[in-house]
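Engineer: Please read through the structure below; I'll follow up with questions.
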Amino acid sequence: MFTFASTTFLSAFLLFLVQPLIARQILPWFGGSSSVWSMCMLFFQAELLIGYGYVHLVNERLSPRHQALVHSVLLAASLATLPITANPAWKDLALSNPTLGVGIVLGLAVGVPYLMISTTGPLMQAWFARVFPADGHSSRPYRLYALSNLASMLALLAYPVVVEPVFSLQMQATLWSMAYGLFALLGLLTAWRLWQSQASVGQGVSSMAVPASDAPPAAAAAPAASATPGWRTCLLWVCLAATASVLLLSLTRQLTTDVAPVPFLWVLPLALYLLSFILCFDAPRYYVRSLFLWSLPVALAAVHYAIDVAESVAAQVVLINVALFVFCMVCHGELTRRKPAVRHLTLFYLMLSIGGALGGTVVGLLAPVLFNAYYELPLGLLACAFLAVVVLWQGAPVRLRLALMLGLAGYGIWLGNDSLESTRGYRLVMRNFYSQTRVEDRQGSSNGAKRVMVHGSIVHGEQLLDPAMAQTPTAYYCTDSGIGHAIESLDADRPRHIGVVGLGAGTLAAYGRPGDSLRLYEINEQVLDAARSQFTFLSGTQAQVTPVLGDARLMLEREVAAGDAQPFDLLAMDAFSGDSIPVHLVTLEAMRIYRARLTPRGILAVHITNHYLDLRPVMAAAAEQLDRAVLVFDLAPTDAMPFCRHSIWALIVPRDLAASVPPALQGSVSVRPVPGFKPWTDSFSNLLSVLK
């Protein structure tokens, strides 16, 4: 029994440890977008579906000994794919097709070992029922599923707290690969245990027609109870699993869009999702049906309050995660109430994996193509409410049924109107793999009407609509901001060559003078289209503008390698995903690329405004490695600065410039490295250390 439990535990631990690990490796290649995590989740769910399909097939078609033999061969062969790593040569896939590229890169890096691990949970339960026939008719095999989810949750919680801060990505991959070798050994031991247990049972095909001695005991002891579940039951299993998956991914996207696409905000919702599995499958009594079903309306209201009303990030994170836990307990609790006899557990898990993959497909693939807004979240909320009505319907009195129908209809109408309202009043609403972009006109400000570009809840640029003021730098880029001072400090007697990472509305083009050249790097083609069609910063500038589509770091790296690009007098880093700079754009390796694209006296200006993270220590640590200094402008606008928003810019400059600050940079604050603060690299970063 120890062998089965340890194999199940280790496989599940590795299964979910590899998810943030490999996502962290490839995140820089795909622009640091929160959509990368959704696509990673879809890939892992699809692999899980294939794995569960394999288990169901071999359990139904092969004898126990043949199962042990086939699985042992596959386990041994999978060791040849170690160690797991994402080859940098695959970066070009991100440029050609990011949606497809994520799947290909993950398949090449971890596809085979992940597939073998994904088979372990249901396979160990099926083998357990054969090796220990006295327990085959009970719920004990299902408790192995609870154990696997406990291991998964521990892995997810350990990653941002222990693994990510302590180990480099290379070391993480090495340790994971070593642990996989131990898992393979345990898997071979369980296969041998199954082989031995069948020594006295003839070899035959384990299907519906096998001899009673070769079938799970439940099939012989309780034929009525082990009748194959009908299509309605299977459909309900799929719908419950799919709804939980949609809500997990869409609520995680909500958090990572407005805060940051970081492992901590990925793993917390997923850990709660797994906790609901643990509680429901380990001891169904934890699913207090009346409590959770009647808490469902409160959870639905909490989500809407968190998104539409709450301003505190702590309130948003708490409310959304608590509500998600209620949704998952309802979906998984109802699944537990309907789990079949052990004879059909592989079919049960196959349906669950189909539901999970279906949910991932809706959020990761279909929604960005079909919707211009994040409609998958309200659809998931409505589906959860509908399923609650379905499970309550049978046996409910007429009055309760009527109340449920009216409540569901009313919620659906309100939800539909609220969803459509989220796009009303905007001049433009677009969405793709990278983000949702909205443009609206706002009236009544002290400076007159203005046009604003929004991503999530964050303004990414604004322009005054008065033609006489249309080329006035505004928001985070006004003349009093750090970037305004940096541009003013450049030589005025010669043309300036400026690079900008992150286009937004194109506001920095307003600083362009005749003879200047601006090279604008933008990963999202929709943002470039919006900047050209909805704003006039680009068309109205006097500078020569050259847009470059693609991830800025990759593009700059190629230009450095080519060696024929004109160096920048100033490079402005202004790329944001929601409210945060993608981490891969502020690592030491990235900073060295930027430094290589600057003139010897060039300035690197990094926009580090953030509600939740203080990136000053990150800037100082990187500058120390580059033998440069950091000057920070933290602008809190006054009434005398009507065009400005609060902004924080870190200027990484030559040390002598920081020692004798020129007039244009007066008002900045020199930032020194924090003792003991480790520079962020592509293989190490610690967001917990810079939380405000």
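Engineer: Please arrange M555, M116 by how many other C-beta atoms lie within 10 Å of their C-beta, fewest to most.
Structural biologist: Working: M555 20, M116 25.
Starting with the residue having the fewest Cβ neighbours, the order is M555, M116.
Engineer: Which whole-Hz ³J(HN,Hα) couplings does segment 423-438 yield from phi under the Karplus relation 6.51 cos²θ - 1.76 cosθ + 1.60, θ = phi - 60°, glycine and proline marked x?
Structural biologist: Karplus values, whole Hz, x for Gly and Pro: 10, 6, x, 8, 5, 8, 9, 9, 8, 8, 4, 7, 5, 9, 10, 10.
Engineer: Okay, moving on. Quick check: net charge around R289, other residues with Cβ under 11 Å of its Cβ, Lys/Arg +1 and Asp/Glu -1? Walk me through the numbers before you get to the answer.
Structural biologist: Values: positive: R285, R337; negative: E334.
Cβ neighbours under 11 Å give a net charge of +1.
Engineer: Of all DSSP beta bridges in the chain, what percent run antiparallel (nearest 5)? Display every interim value, and only then the final one.
Structural biologist: On the way: 33 of 54 bridges.
Looking only at bridges with both residues in the chain, the antiparallel portion is about 60 percent.
Engineer: Just grab the label-to-label distance for A664 and S683, each label 7 Å out from Cα along the Cβ direction, in nm (one decimal).
Structural biologist: Result: 4.0 nm between the two label points.
Engineer: Taking the Cα centre of the chain as origin, sum charge times position over the Cβ atoms of Lys and Arg (+1) and Asp and Glu (-1), and report the length of that vector in debye to the nearest 20.
Structural biologist: Details: 43 positive and 41 negative charges, 404 e Å.
Using Cβ point charges on Lys, Arg, Asp and Glu, the chain gives about 1940 debye.
Engineer: Something else about it: Using modelled amide H (1.01 Å from N, peptide plane; none on Pro or chain starts), what sits under 5 Å from the amide H of L613, excluding residues fewer than 5 places away?
Structural biologist: Counting only residues 5 or more places away or on other chains, the set is K692.
Engineer: Separate question: Here are a few candidate values for Cα extents along the principal axes in Å: [x] 91, 65, 52; [y] 83, 54, 53; [z] 93, 61, 40. Which one was actually calculated from the structure I just gave you?
Structural biologist: Entry [z].
Engineer: Using just the helices of the chain, give the 222 nm mean residue ellipticity in deg cm²/dmol: DSSP H runs with n ≥ 4 each add -39,500 (n - 2.57), and the total is spread over all residues, rounded to 500. It would help to have the intermediate numbers written out before the result.
Structural biologist: Working: 24 runs with 370 residues, N = 692.
Helix contribution divided over all residues of the chain: -17500 deg cm²/dmol.
Engineer: Taking a Cβ-Cβ separation under 4.7 Å as the criterion for a possible partner, which cysteines of the chain have none?
Structural biologist: C40, C234, C239, C280, C328, C331, C384
Engineer: Return the FRET efficiency for the residue pair A562, W231: r is the Cβ-Cβ distance, R0 is 51 Å, and the value is rounded to the nearest 0.05. Can you show the working numbers first?
Structural biologist: Numbers: r = 59 Å, r/R0 = 1.17.
Computed FRET efficiency for A562 and W231 comes out at 0.30.
Engineer: In whole Å, what are the Cα extents of segment 475-690 along the three principal axes, biggest one first?
Structural biologist: 47, 42, 34
Engineer: Which order results if F348, F325 are arranged by neighbouring Cβ count within 10 Å, fewest first?
Structural biologist: Working: F348 25, F325 20.
If I rank by nearby Cβ atoms, fewest first, I get F325, F348.
Engineer: Could you tell me the center-to-center distance, by alpha carbons, between segment 375-419 and segment 527-567 in angstrom?
Structural biologist: 48 Å
Engineer: Moving on to the next point. Skipping prolines and chain starts, which residues have an amide H placed within reach, meaning under 5 Å, of the one on L465, given they are 5 or more residues away or on another chain?
Structural biologist: Close amide H contacts, sequence-distant or interchain: A449, K450, R451.
Engineer: Follow-up. Would you mind ranking V452, V459 so that the residue whose beta carbon has the fewest other beta carbons within 10 Å leads the list? Spell out each step's value before the answer.
Structural biologist: Values: V452 21, V459 17.
Ascending Cβ contact count within 10 Å gives the list V459, V452.
Engineer: Let me ask you something else. Could I have the simple spin-label model distance between T3 and L182, label points 7 Å from Cα toward Cβ, reported in nm to one decimal?
Structural biologist: Rounded to a tenth, the inter-label distance reads 1.8 nm.
Read the figures in this text as sums done on the coordinates, not as results from a lab. From a predicted model like this one, the values you see are computed outputs, not experimental measurements. All Cβ positions, even for glycine, are placed from backbone atoms using ideal geometry, and neighbour counts span all protein chains on display.
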